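Data first, discussion second: the structure below is written as structure tokens.
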Amino acid sequence: MANHYEPTPEQEADWQQWLAGRPEVIRKVASRFSPWMLYRMKSTGHRVVITSYSETDPVTLTVAVLGRFNRVTMERRVFGIDPDDLEECPLPGPDEELGSTFTQEQAVENLDMMRVLVRPDLWEMGEDGKARQR
């Protein structure tokens, strides 16, 4: 479908060398899911890029959910993703709204407010301006 960047011949050679040094279980998954391909998580609809492969059996992936491919509240990395939850996808279209509402730093600074706004059934704002569980 679409690469989120085009690897150089050196990057491709490094990738092949890295793959050759991995255990079979990791090689099988990593061979199917390259780090430069853009994927869609079937479970959430987010476009993601792979940032790492676990060294466990079964192999899981860590992915980045980025504002340049999605409209998100906050960019983030998500670990423990089942490779079968990913499918190759095209780049966003020119008419799609993209971006992140908060940077990582802003998200941390506004965590209490976001907890109360997103889950008012679980959180309430205390008089001290800190979110507390209901």
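No value in this document is a laboratory result; all are computed from the given coordinates. These figures come from a predicted structure and were not determined experimentally. Here the Cβ positions follow ideal geometry from the backbone for every residue, glycine too, while neighbour counts run over all protein chains shown.
A few comments on the model shown:
- Whole-Hz couplings from phi, Karplus 6.51/-1.76/1.60, listed for the range 14-21; x for Gly and Pro: 4, 4, 4, 5, 4, 4, 4, x
- Positive minus negative residues near Tyr5 (Lys, Arg vs Asp, Glu; Cβ under 15 Å): -3
- Residue-averaged [θ]222 nm for the chain, counting only DSSP H segments that reach four residues, each worth -39500 (n - 2.57): -7500 deg cm²/dmol
- Taking 0.36 nm per residue of separation and subtracting the current Cα-Cα distance, fully stretching the chain between Ser34 and Thr8 would add 8.0 nm.
- Look at the dipole of the range 9-101 built from charges on Cβ: of Ile26, Val59, Gly99, the Cα furthest out on the positive end belongs to Gly99.
- In order along the range 51-67, the phi-based Karplus estimate (6.51 cos²θ - 1.76 cosθ + 1.60, θ = phi - 60°) of 3J(HN,Hα) comes to 10, 6, 10, 5, 9, 10, 10, x, 6, 10, 10, 10, 10, 10, 9, 10, x Hz; Gly and Pro are listed as x.
- Candidates Pro23, Pro94, Pro83, ranked by Gaussian network fluctuation over the chain, Cα under 10 Å, top entry: Pro94
- The string of couplings for the range 93-103 from the Karplus curve (6.51, -1.76, 1.60, θ = phi - 60°) is x, x, 8, 6, 7, 10, x, 10, 5, 10, 6 Hz, one whole number per residue in order, with x for Gly and Pro.
- Charging the Cβ of each Asp and Glu at -1 and of each Lys and Arg at +1, and nothing else, the dipole of the range 9-101 about its Cα centre rounds to 160 debye.
- Amide proton proximity set for Ala2, modelled H, under 5 Å, gap of 5+: Leu38, Cys89
- Residues whose amide H falls under 5 Å from that of Arg71, counting only those 5 or more places apart or on a different chain, are Gly99, with hydrogens built in the peptide plane.
- Listed candidates (1) 17.0; (2) 18.7; (3) 17.9 - label of the one calculated as Kirkwood radius over Cα pairs in Å: (1)
- Residue with peak Gaussian network fluctuation, the chain [Cα springs, cutoff 10 Å], from Leu122, Leu61, Leu91: Leu122
- A cut-off of 5 Å between modelled amide H atoms, ignoring neighbours fewer than 5 places along the same chain, links Trp123 with Arg134.
- Longest stretch of the chain clear of exposed loop sites (GluC sites (Glu not before Pro), DSSP loop, at most 12 other Cβ atoms within 10 Å, sites excluded): 1-54.
- Whole-number percent relative contact order across the chain, with pairs defined as alpha carbons under 8 Å at least 6 apart: 19 percent
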